[in-house]
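Take a look at the structure set out below.
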Amino acid sequence: MDQFLGGRPPCPGDVNGDNAVNFVDLNLLLEFWNMSVPPGSSGDLNGNGAVDFADLNELLDAWQNNC
Ligand SMILES: [Ca+2]
Ligand SMILES: [Ca+2]
């Protein structure tokens, strides 16, 4: 809630910005798994600059959401 340095994503769990949370987003997140990325990009859903289980949990919490 307090760490969206790159701006809050429009849709929780939506990695690619198409307003749906699905396998496309999961694949993107896994592509950057365990990597350091610019905060809020490339699957870093909680904006801490790393792609890990915290981000995966956010994605799964929002699984199949449409925004
Ligand atoms: Ca998406
Ligand atoms: Ca993260």
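The values are calculated or read from the model by the stated rules, or taken from the named source; none is laboratory data. Fair warning: this is a prediction, and the values are worked out from it, not measured in the lab. Glycine gets a Cβ as well: all are built from the backbone with ideal geometry, and neighbour counts include every protein chain shown.
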Checklist entry - Does any residue in region 2-22 that is near ligand 1 (Cβ under 10 Å from one of its atoms) come within less than 6 Å, Cβ to Cβ, of a residue that is modelled with pLDDT under 90 six or more places away or on a different chain, and which pairs are these? => result CYS11/CYS67; ASN19/CYS11; ASN19/CYS67
Item to check | Filtered residues of region 43-62 (kept if small (Gly, Ala, Ser) and more than 10 Å from ligand 2 (Cβ to nearest atom)) | outcome: ALA62
Checklist entry - In region 16-38, which residue that is at pLDDT 95 or above and in a loop (DSSP other than H, G, I, E, B) is farthest from ligand 2 (Cβ to nearest atom)? => result ASN22
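Taking the stated definitions as given, is ASP44 assigned to a loop (DSSP other than H, G, I, E, B) and at pLDDT 95 or above?
Details: assigned to a loop (DSSP other than H, G, I, E, B): yes; at pLDDT 95 or above: yes.
Here the answer is yes, as ASP44 does meet what is asked.
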